[in-house]
Every structure is written in C-alpha cells, then in structure tokens.
1. For chain B, what does the helix formula give at 222 nm: sum of -39500 (n - 2.57) over DSSP H segments with n ≥ 4, over the residue count, nearest 500 deg cm²/dmol?
2. Scan chain B and note any complete DSSP helix (H) whose C-alpha atoms cover at least 27 Å along its axis and whose Kyte-Doolittle average is -0.5 or more.
3. How crowded by other chains is A:94-101, given as the mean number of beta carbons from other chains within 10 Å of each beta carbon?
4. Could you pull out every residue, at least 5 positions away or on a different chain, whose amide H is within less than 5 Å of the one on A:Val48? Hs are placed 1.01 Å off N in the peptide plane, and Pro or chain starts have none.
5. Evaluate peptide B:111-118: per residue, the Cβ atoms of other protein chains within 10 Å of its Cβ; return the mean as an integer.
6. So what's region B:87-307 giving for Cα Rg divided by 2.2 N^0.38 Å, two decimals?
7. If you count, for each residue, the other Cβ atoms within 10 Å and average over each peptide, how do A:152-162, B:38-48 line up from highest to lowest?
8. Suppose the chain between B:Ala21 and B:Trp146 were pulled fully straight at 0.36 nm per residue; how much longer would it get relative to their current alpha carbon spacing?
Amino acid sequence: MPDNFENISGKIRTPILEVRDLSVSFHLLEGVIPAVAGVDMVLNQGEVLGVVGESGCGKSVTAKSVLRIIPCPPGSIDSGTAMFEDRNLLELTEAEMEGVRGNKISMIFQEPMTSLNPAFTVGDQIAEVFRFHRGMKKREAFERAVEELRRVEIPDPAKRARSYPHQLSGGMRQRAMIAIALACRPRILIADEPTTALDVTIQAQILNLMGQLQTDIGMSIILITHNLGVVASIADRVVIMYAGRVVEEGTIDDIFACHHHPYTHGLLRSVPRLDRPSEDLQEIKGIVPKLNDLPRGCAFSNRCDYVMEQCRQREPVFKPIGSGHKSRCWLENRPW
Amino acid sequence: MLKYTIRRLLTIIPVLWLVSAMVFVLIHLVPGDPVLVILGAAAKPEQVEMMRQRLGLDQPIIIQYWDWMIALLQGDLGASILSDEPVTRLILERMPITISVAAVALFLSLAISLPAGIIAALRHNTYTDYFFMILVILAMSIPSFWLALLLMMLFSFQLNLLPVMGWISIFDNFWSGIQYLILPSVSLAFIMAAIVSRMTRSSMLEVLREDYIVTALAKGTPKRFIVFKHALKNAFAPVMTIIGFQIGFLLGGTVVIEDVYSIPGVGRLILGAIANRDYPVVQGCILMVTSIVVFVNAAVDVAYAYFDPRVSFDK
Ligand SMILES: Nc1ncnc2c1ncn2[C@@H]1O[C@H](COP(=O)(O)OP(=O)(O)OP(=O)(O)O)[C@@H](O)[C@H]1O
Ligand SMILES: [Mg+2]
C-alpha cells in the first residue's frame, strides 16, 4: 500500500475547510429525501480525511454540495455553511464558485469510464482548466495539458493528449481525471471513490500517485470510500457517516483502536482481516432504512445491537469523547 | 477520421449502383407494355414496332440495361417520350427550384428547432418546456399540404401579403423570389422543425445527465460552455441522424407542396411524367432524388464521426 502520504500527526492542525450543519434534500415525486442532515466536517491543512459509510449514506452529496454541483432541482441545500479561505462557499455567486471549482477545490469521481467527455480529446479537456482559470490561449493550454499528463505518469503524453477517452484504459482515464483535478494545484482534492472501479494493482498505483502528488503540491484530500483498508493506509482522520449524518469522527487510531459508535464497530467487523478468523466476519444486520422513513430517535437504532430505550426516543448529540474524537451515541462506555 | 471518411464515401459507389439497378428493374417489371400504354390499346402493330425500336425495347433486357448504364455514366438519362427533350436537361432545369425550396425549409426548420429544443431541455419541466412540447405535438399532427392551403388562404387571400402561387427565381429577382419561396418552405419546415426540436430536447436532456457534465462543472467550466460545448456536441449526433432522414421526407414533401403552389420544380415534373407514362423522365427523377438521399446520408455519417469520435474507431 502507498506509503508516501505525509502523516500529519504531531503537527498543528489548521482547518482549511469547515462544513457546519449542512443539510441537503432532494425533492422527488415520492417525497422529500433528506440526503444530508446536519453534517459537520472539518478538513485540516495537509491532511487526508477519509469519509466512510454504506452506499446511499450521503457521502457524495456532502462532497458535491461543498462544490455546489448537485442538480438543483431536484436537490436543494437547505442549511449550513462551508467556510473556505474566510468565505462561505454556500453563499458565493455562481461566477465566484466557478473560480473555486477545479482551481482551489477539485473533485474526481468513481467512474473513469463515463467521467470524461467522449467527444473531446483528453488534452482538450485538461487544457480547458488552464483556459478558464489561468486565462491561457488554446495552444499554450494544450502544451500545459501535455505536461500534466506527463506528471500523472501517462506514457507518451503528447500522443495521449490527442487521444479520445475511449482509446484509453480505465486506469489511464483515472490518471487523466487526476491531471484535470490537479492542473491548477488546488488546495483541496475531493476524491469520490477514485479507485472503486479499477482493479487492485491499478488501485494501488492510483493511490500512490495521489499520495505523491499530495506531497508535491501540499494539498489536503477528502477521500470518500467504502474501503476501510484504503482508509487505514492513507488517511489521517476518518469521518463515519450513516443515513446523512456523521456518527463518528476521529483519528485513524481513534477509529480503528477505540471506536465508540456501534455502527463503526459493525463496519469494522464486516472487513476481512488477516489477524482474525474469517468466521468472526459479520455483516451489519438489518437493512438500511429509507432516508425519508428513518426510525425515531437515533437513525441507527433499528439495526443497533446495543440499543437502549432512550435511543428510540431522542436523537443522540454529537459529543466529544476524547481529544478530536466525537461520537453520536448515547452509550457511556464501549461495550466491546 | 480521414480513413473512415474515405471508406464511408467509397461505399456510395455500390449503393448508387444498386439504386440505379433497382430503378431500372422496377420500371421494367411494372406490368403492362409501356409502348401500349403510351400509344393506347388501339395502336397499329407497325406503330408499336416503331416505338419499340425507338425506345430500344426490342433488345434483350441485358443489352437494354447495358446501354442504359453506359448512357447513365455519361450523364445521359434518355429523352422524354412526350417532348423528346433530354431528361437530364429537364431535371437540371428544375432542380435548382426544388433545392431552393427544400434548402430554405431545412434552414428555417433548423433555425427554429435547434434553439427551441435546447431551451426546452434547459428549462425542463417548466412552463416554457410544456409550451414547446404542446407546439411540437400540434405541428406534427398537421399535414403539410393542409397547412400550405391554410397559409395560402391567410397570407395570400385574406391579407394579400404574398403571392398565391407560381414562381419567380431568386436569381432573377431576389425580393420577388423570396416572396414566392416563403409559404412553400414554411409549410414544409413545420413538421421537420417539430421532429427535430423534439429530438434535440430529448437528446440534450439525456446528455445533461451524463457524468462528464458533472466533471465539467467540477472543473469550473462556465454554464454556457457546458451547454454549447460539452453537451451540444454529444447531443447533436443523434439529432443529425434525424435531420438526415428528414431530408428524404423533405424531398418527398416538396412534390406535394410544388403541386399546391404550382411551382415548376422536379416534383411537378415527376407528377406530370407519371400522369403521361413518360417513363424515362420518371426513371431519371427517381434516380436523381434517391442519389441525393444517398449522398446526404453519407455526409451525415461522416459528420456523425466528427460529433462522436467513437464511431470512426470501430476496430
Ligand atoms: N440526483 C439525485 N436525485 C435524487 N436523489 C438523490 C440524488 N443524488 C443523491 N440522492 C439521494 O441522496 C442519497 C445519498 O446519495 P449519495 O450519492 O450521497 O450516497 P453515497 O454515500 O455517495 O453512496 P455511494 O457509496 O453509493 O456512492 C441517496 O440515497 C439518494 O436517495
Ligand atoms: Mg457516492
């Protein structure tokens, strides 16, 4: 696994992005779906923040809301702030936002096969970033695009810049996506399951590349993933999400060694590990509740092994249980 | 792309050959002796024999085909039975008229339908969108000849703004020419505009949902650039295919419209030739119109490869 991610533990943490009380809903025919409900998330300078949770828990919506690229309608950002460089991203004008996207904050996506435009060359799609954010002319921008392809270690970049996406393999395309995202040396990279669609060797290569570029550029990364193994190897801190909420937050050690929330516990138990017999492997029981039909009180109460009476009455508060370690659970002590 | 273009253009040759063979066979397989049809059942045997010789119908069919092919390759489509004029000249005289009506109709319909389709897609599920779609359904259900009559009644008889029927070429007198062009091309443009705008709208809607649009947003591309560069180029490929098909229908439509407005184009030539059993003229016209459709389709395919680069790398 990649080892060139800079570990920041021991350094002073300065927040670079602070998301507070973010709520996002989708207004669909079947009703209003609260996809994100009061999320708090802080990303510090130079760190890798892992965001983990089951499918549909609102990871992508949170990330896209920060960049304001969720489709509205049906989506709407109902409340919250996202402070970045002393400005609330959620209040910027569309033109100001365009200056942030791809320039100060970039995002890469899960599906390299469909994330690039099939009708334009890869070089052209990278060059666009230089044209909009750096005001370069077409030619100069294209030459810079070739440089960026070289930087993400694509062989024969001059030729590849003139290729169309369908002429590239999945790994190559994800490299091209990274080239687009990092072209302007952003302060923050949001990587939404960047390796899920790739096979294992390519996954490691891509993660390595991201780690190396992070060190070069000195940016912070929000890494959204299902894969706790990936998180363990490269993240500094982790946020665990469930049903549109953050349920636990802490350093890698907090989460892996002394997690507090039963949902985190369940997630960790469902990951195969070498130091544990495989019969201990357990899925979290029950099904993910519908977002517009959550149980009363704690959203996880219907699936929780340690559910108590008050869990079904009142939603737990997100409270500190250690330095930088927070959990949204009524339990006083860890029962495991 | 160049290789693909050349390959695609080369396929025109066998298609054209096939088309010409089919036209020839069709005309010769149609039941009834053309000579008897021309001269009437009461014709004397000597007359019939003379006519046969004049038309070359006394030769074996293979020889007839061979002669016809050789002449065709030299641009000779035979002579009209009725007037003895060369068919090629008859067609070429009328072609510019038909093409100008069809071209203006095409231009009008695209000028309306492309912006309308794009706007409707961008305003998806708003009243603007609904309004456009209702118009489209209306426009598609009005037959063009009926619309032609309505327009004629309104603008020519009631308002006295435009000439009722007839033709003046824009090359002879531009402004009068335009006046004669307006009603026929508008009647033709209507249905095509409806079909193309519906296609543009649905194609745009589909493309705007694609992942690469989100990517473009995420890299800070301004909205208008996303619509007119990223979305439109992808959305246009299927629209163009529809336009290609519609050009065939457009040419068919001109036949009717030319008749309604008494425009001396290829359409009227065909109708007249059919009525008089002037089969060399019918043959020539059909061949001409089908060749145009074949060429248009090839052009559409080549353009498609520009809009969707994936098709030219099929291997
Ligand atoms: N465009 C949309 N239209 C309607 N609902 C949406 C849309 N995008 C997201 N949602 C809703 O928001 C919820 C959260 O979606 P999100 O994509 O954030 O999940 P996720 O945590 O990223 O899951 P995954 O791991 O599968 O990517 C979904 O359950 C869905 O109901
Ligand atoms: Mg997601």
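The values are calculated or read from the model by the stated rules, or taken from the named source; none is laboratory data. From a predicted model like this one, the values you see are computed outputs, not experimental measurements. Ideal geometry is used to build each Cβ from the backbone, glycine not excepted, and the neighbour counts take in all protein chains shown. Quick note on the areas: whole protein, heavy atoms, side chains included, nothing else; ligands and nucleic acids left out. Shrake-Rupley method; radii C 1.70, N 1.55, O 1.52, S 1.80 Å.
1. On the way: 13 runs with 227 residues, N = 315.
Roughly -24500 deg cm²/dmol at 222 nm, from the helical runs in chain B.
2. Values: long enough: B:87-122 (50 Å, 1.77); B:174-208 (44 Å, 1.16); B:232-260 (39 Å, 1.30); B:279-307 (42 Å, 1.58).
Helix filter hits for chain B: B:87-122, B:174-208, B:232-260, B:279-307.
3. Working: counts 2, 2, 0, 2, 7, 1, 1, 6.
Counting other chains' Cβ atoms within 10 Å and averaging over A:94-101 gives 3.
4. A:Ile221, A:Asp236, A:Arg237
5. Details: counts 0, 0, 0, 0, 0, 0, 0, 0.
If you average over the peptide's residues, the count of other-chain Cβ atoms is 0.
6. Details: Rg = 19.9 Å, N = 221, 2.2 N^0.38 = 17.1 Å.
Ratio of Rg to 2.2 N^0.38 Å for region B:87-307: 1.16.
7. Numbers: A:152-162: 17.1, B:38-48: 11.1.
The packing order, highest mean first, is A:152-162, B:38-48.
8. Working: separation 125, 0.36 × 125 = 45.00 nm, distance 3.57 nm.
Stretched fully, the B:Ala21-B:Trp146 segment lengthens by 41.4 nm.
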